[in-house]
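Some notes on the structure that comes next.
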Amino acid sequence: MASTNNEDLFKNIISHAKEYGFIFQSSEIYDGLSAVYDYGQNGAELKKNIRDYWWKAMVQMNENIVGIDASIFMHPTTWKASGHVDAFNDPLVDNKDSKKRYRADVLIEEHVAKIEGKINKEVEKARTRFADGFNEYTFRTTNARVLENQKKIDDINLRFKAALEANDLVEVRQIIIDLEIVCPISGTRNWTDVRQFNLMFSTQVGSVSEESSTIYLRPETAQGIFVNFLNVQKTGRMKIPFGIAQTGKAFRNEIVARQFIFRMREFEQMEMQYFIKPGTEMEWYKYWKETRMKWHRSLGFPESKHRFHDHLKLAHYANAACDIEFEFPFGFKELEGIHSRTDFDLGNHEKFSGKKLQYFDPELDQSYVPYVLETSIGLDRMFLAILSQAYAEEKLEDGSERVVLRIPFFLAPVKCAILPLVKKDGLPEKAREIMNRLRFDHLCQYEEKDSIGKRYRRQDAIGTPFCITIDHQTLEDNTVTIRHRDSMLQERININEIEKILGEKVSMRNALMQISE
Ligand code: GAP
């Protein structure tokens, strides 16, 4: 069914993801497990391609960044040193009538987003009214209603920031009461106290209960990098500044798990820790903000889909932090974090392990604990960003409709479909010949069932950039039809040109060149 609003659109994206083998609910036959998802045949490919793009942009394109693969389980003291045992908490509040549990910070942020929505509506109204003469900056800085609403936002943010910094949960609750925030289910303001809840999952290692000890499933991959800092620096003869990159699973006992794969209990991170000289962190913070935004923009989405958002409350390890936010169908939300983590982690691991984690700087002729600049992005969130941006419902000139995933070509799960027009007359054999040439470089799909139109639609729905159709003319003159996903245009080309065209069009090279300019 065609989407009429963003809520419908999001629902349609979720069912499309299931119908076409991108994402399934985990253990669905047992009615699923909340906030845990599995990637299907097309989802796994798309996810792998996004991960590869990130890895190549980080590791292959930067001589001073190397990649590692650390374990999920780590010595339990790691999490004491990192601060996660004591401070990795979410402030939670329950509504006594609906018995539903919420993150107090999310309730307040959503209230602020509503006021922002009002401002944006005013701006859009004025844009229509004044047409070409409209100056958005002047309007936002002079219109009385906009200014009044902006002041409300600033006041809330200021008060909320102070409450979080002072860890004053009574004040956080009072803000919710004062803003008259109601539970979306019961519609009442009957809130419990706000409590802190630690997000780490724990389990036991050791076979005999007396011998076993509690360990945690890592809530971030970053700590695997910190504890290996010296191993990599020494064995790789790395000189500061240098980076260590890693992708892998992380686990958080998210209480308010919503919005499909946006907030999961088991998810994948792509993180890079950049080790730098103390005092240079603001310079590198700026550099990595720009570099990471370039990576996002290289996917060709409209610029308006991304924005920076400075953190109101800094995490326990950071002295500067911001998010790159993406406009999902449910609004602008965090996609990636860029954090200046100072020497917090390495310094604490030194303290807790009793081992020196220092770098000898030959230029300064002295040793120091490096500072760290981190970029951290959720692979699943990036997947959702791409899926929601790529998904399009189109009405065609002939009155029919199609759903197409306009995934950047180099990330598409299947790069090319090979379609014999009919299942006889030697066409399947010719098609297999082409398939056998292409499969060394690209994931291709061979399909001979159903009409050619239906097969095109199925490929559009999974985002395949090119379809190659083999017909009777192919046997005569060695030409095929190549159909382009986005324009649906078809051209006749020689079979020998296919590899060259695909090689150029679906290569990651163009995107990598764009970010290295
Ligand atoms: N090492 C720093 C760190 O973990 P974070 O802001 O907590 O920072 C980084 O997480 C990124 O991981 C987020 O920007 C988001 O993309 C992703 N992420 C965090 N929690 C997530 C969850 N529950 N489900 C999916 N992705 C998540």
(message) Given Cβ point charges of +1 (Lys, Arg) and -1 (Asp, Glu) and nothing else, what value in debye, to the nearest 20, does the dipole of the range 396-516 about its Cα centre take?
(response) 420 debye
(request) Would you please classify the overall shape of the range 450-516 from the alpha carbon gyration tensor, given that a ≥ b ≥ c denote the square roots of the eigenvalues, rounded means a/c under 1.5, and beyond that prolate means a/b larger than b/c while oblate covers the rest? (result) oblate
(message) Once neighbouring chains are kept in place and the probe is 1.4 Å, which whole percent of the accessible area of the chain is contributed by carbon and sulfur?
(response) 50 percent
(message) Treating only the Cβ of Lys, Arg, Asp and Glu as charged (+1, +1, -1, -1), what charge dipole size does the chain show about its Cα centre? Round to the nearest 20 debye.
(response) 200 debye
(message) Quick check on my link table: of LYS125/LYS289; LYS48/LYS333; LYS249/LYS356, which ones sit more than 31 Å apart, alpha carbon to alpha carbon?
(response) LYS125/LYS289
(request) List the relative contact order of the range 396-516 as a percent without decimals, with contacts defined as Cα pairs under 8 Å and 6+ residues apart. (result) 28 percent
(request) Would you mind putting 141-147, 66-72, 468-474 in packing order, based on average other-beta-carbon counts within 10 Å, highest first? (result) 468-474, 66-72, 141-147
(message) For Cα pairs less than 8 Å apart in space and 6+ apart in sequence, what is the mean separation divided by the residue count of the chain, i.e. the relative contact order in percent?
(response) 14 percent
(message) Per residue of the range 66-75, what does 6.51 cos²θ - 1.76 cosθ + 1.60 with θ = phi - 60° give for ³J(HN,Hα)? Whole Hz please, x for Gly and Pro, Karplus curve as stated.
(response) 10, x, 10, 9, 8, 6, 6, 7, 9, 4
(request) Leaving out ligands and nucleic acids, note down the accessible area per residue over the range 98-191 with a 1.4 angstrom probe, in whole Å². (result) 64 Å²
(message) Residue by residue through the range 250-256, what is 3J(HN,Hα) from phi via Karplus (6.51 cos²θ - 1.76 cosθ + 1.60, θ = phi - 60°)? Round to whole Hz and write x for glycine and proline.
(response) 9, 9, 9, 7, 5, 7, 9
(request) With runs of 4+ DSSP H residues as the only contributors, calculate the mean residue ellipticity of the chain at 222 nm using -39,500 (n - 2.57) per run, divided by the residue total and rounded to the nearest 500. (result) -11500 deg cm²/dmol
(message) With the cut-off at 23 Å, tell me which of the pairs LYS80/LYS355; LYS18/LYS99; LYS56/LYS415; LYS11/LYS151 have Cα atoms farther apart than that.
(response) LYS18/LYS99; LYS11/LYS151
(request) Among ALA126, HIS111, MET238, pick out the residue whose Cα is farthest towards the positive end of the charge dipole of the range 104-263, where Lys and Arg carry +1 and Asp and Glu carry -1 on C-beta, about the Cα centre. (result) MET238
(message) Per q in 0.13, 0.15, 0.22, 0.25 Å⁻¹, report the Debye log10 I(q)/I(0) for the range 237-328, using one uniform scatterer on each alpha carbon and no solvent.
(response) -0.61, -0.82, -1.45, -1.44
(message) Rg over Rh of the chain, using C-alpha atoms and the Kirkwood radius, what does it come to?
(response) 1.00
(request) Towards the positive end of the charge dipole of the range 98-191, with charges on Cβ (+1 Lys, Arg; -1 Asp, Glu), say which of PHE139, LEU179, SER98 has the farthest Cα. (result) SER98
(request) With an 8 Å cut-off on Cα pairs and a minimum separation of 6 or more residues, tell me the relative contact order of the range 98-191 in percent. (result) 36 percent
(request) For the range 146-161, take each phi angle, set θ = phi - 60°, evaluate the Karplus expression 6.51 cos²θ - 1.76 cosθ + 1.60, and give the result in whole Hz per residue in order, putting x for glycine and proline. (result) 5, 5, 4, 5, 5, 5, 4, 4, 4, 5, 4, 4, 4, 5, 5, 4
(message) Tell me which of ILE72, ALA57, ASN494 sits at the most positive position along the dipole axis of the chain, charges placed on C-beta atoms (Lys, Arg +1; Asp, Glu -1).
(response) ASN494
(request) Sequence neighbours fewer than 8 away in the same chain don't count; with that in mind, list the aspartates and glutamates whose C-alpha is under 16 Å from LYS277. (result) ASP343, ASP345, ASP361, GLU363, ASP365, GLU374
(message) Given the range 98-191, report the % of alpha carbon pairs whose separation exceeds 15 Å.
(response) 66 percent
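The values are calculated or read from the model by the stated rules, or taken from the named source; none is laboratory data. Keep in mind that this is a model prediction, so the values were computed, not measured. A quick note on method: Cβ atoms are made from the backbone with ideal geometry, for glycine too, and the neighbour counts reach across all protein chains shown. For the accessible areas, the whole protein counts, side chains as well, though only heavy atoms, and no ligand, DNA or RNA atoms are used. Shrake-Rupley method; radii C 1.70, N 1.55, O 1.52, S 1.80 Å.
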